[in-house]
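Contents: one structure, followed by commentary.
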Amino acid sequence: MLRNAAYRRLLTAQVVSLLGTGLATVALGLLAHDLAGRRAGAVLGTVFGIKMVAYVVLAPVATALVARLPRRSVMVTADVLRAVVALTLPFAGQVWQIYVLVFVLQAASAVHTPTFQSALPDVVTGEHEYTQALSFSRLADDLEMVLSPMLAAALLLVVSTHTLFVGTGLGFAASAVLIVSVVIPRAATPAAADEGTPFEELPLGARVRHGALLMAHTPGLRPALALNLAVAAAGAFVLVQTVVIARDTFGQSNDVVALLLAVNGLGSMTTALALPAVLRRRSERAVMLGGAVLLTVATFAVPLALGIQARTAGLVAVGALWLAVGAGWAAAEVPIARLIVRHVPAGERRSVFAAQFSLSHACWLVTYPLAGWLGAAGLRGAALVLAVVAAAATVGATALWPRSAAVPTA
């Protein structure tokens with residue numbers, strides 16, 4: 001795959017962009033503490049909420065607005081805008097200014113990411129090669145979660161907090177330069193399924209709804225809608241409550257928090273790398289539903305791990321469950337793009353990728369606060385509730401995806 005020059009540049013652009021995003025996450029936390037002190041947690045909670053709202057609301061709207069524009073120009077413009085915002089953030093002197101700048105930053109990301117996803121299958125042809133490309137992209141996402149905090153910590157030994165935003169801006173700028181160097185084929189012009197009207201000539205509201213309606217009306221994509229919820233239920237508990245479990249339940253330091261999150265990322269990375277070979281022998285149905293079952297069972301087992309009295313044994317048990325959640329997460333989520341490419345005509349993919357981006361983040365918008373609020377009342381109860389949500393979503397995906405609809409991938 002890395003011998004494909006166009007894909008190599010796109011992957012490198014994704015990696016440097018994600019590293020910049022990771023640096024911004026650390027820098028925002030420190031900036032929030034400088035401005036809000038003990039209220040920094042509330043500020044960051046609002047920032048993450050703004051991020052999810054931007055992703056859910058703006059992704060389909062923005063995709064409809066830029067439908068007539070070349071995808072390369074859209075991605076480069078989004079990167080430039082993100083770089084400008086990142087370089088502006090150090091000058092924010094009020095919390096509300098952070099909120100505004102973060103909204104603009106995430107709005108640009110809501111344009112960039114679905115456009116990148118829709119361009120990938122046109123640059124990488126062949127189902128097996130495309131699966132490898134998806135695995136590398138997932139690996140890049142996981143590496144961002146693991147490596148960015150480490151890189152930020154190393155940089156903070158020699159530079160100030162505000163310099164991290166410079167690193168973020170440079171990451172986005174480098175991404176723009178790399179994307180400029182790639183020739184991306186122009187997407188085919190989609191037509192509305194009902195009336196044969198060209199997509200670009202539909203009213204804005206119809207263009208916004210088009211991708212979501214197409215997903216709902218395509219039998220092969222309906223299971224993905226349910227699997228998004230299963231992944232978000234288990235993943236939200238891990239991302240929201242790991243710090244509480246490590247610090248309060250087992251009395252450990254921040255290093256253990258980072259280690260547990262890294263273990264979750266390791267499970268996801270390992271599975272992502274194995275998926276191209278696995279999907280040669282197994283259908284997406286078996287792999288994705290198996291992943292959903294794995295993360296559901298792991299979440300159900302969390303109360304048992306939290307009840308272990310010995311700290312070391314308890315942490316090892318939690319780490320094993322986090323590894324399983326990460327593996328199930330990748331198995332259930334990564335092949336969704338293959339389903340979109342298989343079931344959606346080339347000209348429709350841009351709007352469907354935007355819809356998938358928006359709808360999947362809508363699930364996180366629900367499960368993030370659910371994990372936080374329920375966790376405040378009790379970690380074991382929160383884990384059980386989210387496990388039930390994941391189980392219901394998995395059952396729904398199974399019902400929507402009958403065995404007879406499985407497509408051999410060998």
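Does Leu23 fit the bill of being surrounded by 20 or more Cβ atoms within 10 Å (Cβ to Cβ) and either modelled with pLDDT of 75 or more or in contact with a strand residue (DSSP E or B) (Cβ under 6 Å, 6 or more places away or on another chain) (or both)?
Working: surrounded by 20 or more Cβ atoms within 10 Å (Cβ to Cβ): yes; either modelled with pLDDT of 75 or more or in contact with a strand residue (DSSP E or B) (Cβ under 6 Å, 6 or more places away or on another chain) (or both): yes.
The answer is yes for Leu23.
Output the number of residues of the range 328-350 satisfying the condition of being touching a Lys or Arg at 6+ places or on another chain (Cβ under 8 Å) and either closer than 17 Å to Pro219 by Cα or surrounded by fewer than 24 Cβ atoms within 10 Å (Cβ to Cβ) (or both).
Qualifying residue count, the range 328-350: 2.
Looking at Ser283, Ser253, which one is of a type in the set (Ser, Thr, Tyr), assigned by TED's automatic domain parsing to the domain that holds Arg380, within 25 Å of Pro219 (Cβ to Cβ) and out of contact with any helix residue (DSSP H, G or I) (no Cβ under 7 Å at 6 or more places or on another chain)? Before you say what the answer is, go through the steps one by one.
On the way: Ser253 fails: within 25 Å of Pro219 (Cβ to Cβ).
On inspection, the qualifying residue turns out to be Ser283.
Aliphatic (A, V, I, L, M), within 22 Å of Met75 (Cα to Cα) and in the same structural domain as Gly265 (by TED's automatic domain parsing): is that true of Val293 in this structure? Write out each step before concluding.
Values: aliphatic (A, V, I, L, M): yes; within 22 Å of Met75 (Cα to Cα): no; in the same structural domain as Gly265 (by TED's automatic domain parsing): yes.
In short, no.
From the list Leu81, Leu69, pick out the single residue that is without any contact (Cβ under 8 Å) to a residue 12 or more places away in the chain and either over 30 Å from Pro276 (Cα atoms) or part of a helix (DSSP H, G or I) (or both).
Going through Leu81, Leu69 in turn, just one is without any contact (Cβ under 8 Å) to a residue 12 or more places away in the chain and either over 30 Å from Pro276 (Cα atoms) or part of a helix (DSSP H, G or I) (or both): Leu69.
Take the residues in the range 119-129 that are part of a helix (DSSP H, G or I) and modelled with pLDDT under 80; name whichever of them is surrounded by the most Cβ atoms within 10 Å (Cβ to Cβ). Write out each step before concluding.
Initial filter on the range 119-129 (part of a helix (DSSP H, G or I)): 119-123, 127-129.
Among the residues that remain, those that are also modelled with pLDDT under 80 are: 127-128.
Details: Glu127: 16, His128: 14.
Only one residue tops the list, namely Glu127.
Yes or no, residue by residue, for (1) modelled with pLDDT under 90; (2) of a type in the set (D, E, K, R):
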| residue | (1), (2) |
| --- | --- |
| Ala330 | no, no |
| Glu333 | no, yes |
| Val344 | yes, no |
| Ala354 | yes, no |
| Ala362 | yes, no |
| Tyr368 | yes, no |
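Hey, among Ala234, Ala230, Ala258, which residue is surrounded by fewer than 24 Cβ atoms within 10 Å (Cβ to Cβ), assigned to a helix (DSSP H, G or I) and in contact (Cβ under 8 Å) with a residue 24 or more places away in the chain?
Details: Ala234 fails: surrounded by fewer than 24 Cβ atoms within 10 Å (Cβ to Cβ); Ala230 fails: surrounded by fewer than 24 Cβ atoms within 10 Å (Cβ to Cβ).
Residue meeting the stated conditions: Ala258.
Can you tell me which residues in the range 257-269 are more than 15 Å from Leu321 (Cα to Cα) and among the β-branched types (Val, Ile, Thr)?
none
The values are calculated or read from the model by the stated rules, or taken from the named source; none is laboratory data. Please read these numbers as outputs of a predicted model, since none were measured by experiment. Every residue, glycine as well, gets a Cβ built from its backbone with ideal geometry; the counts of neighbours run over all protein chains shown.
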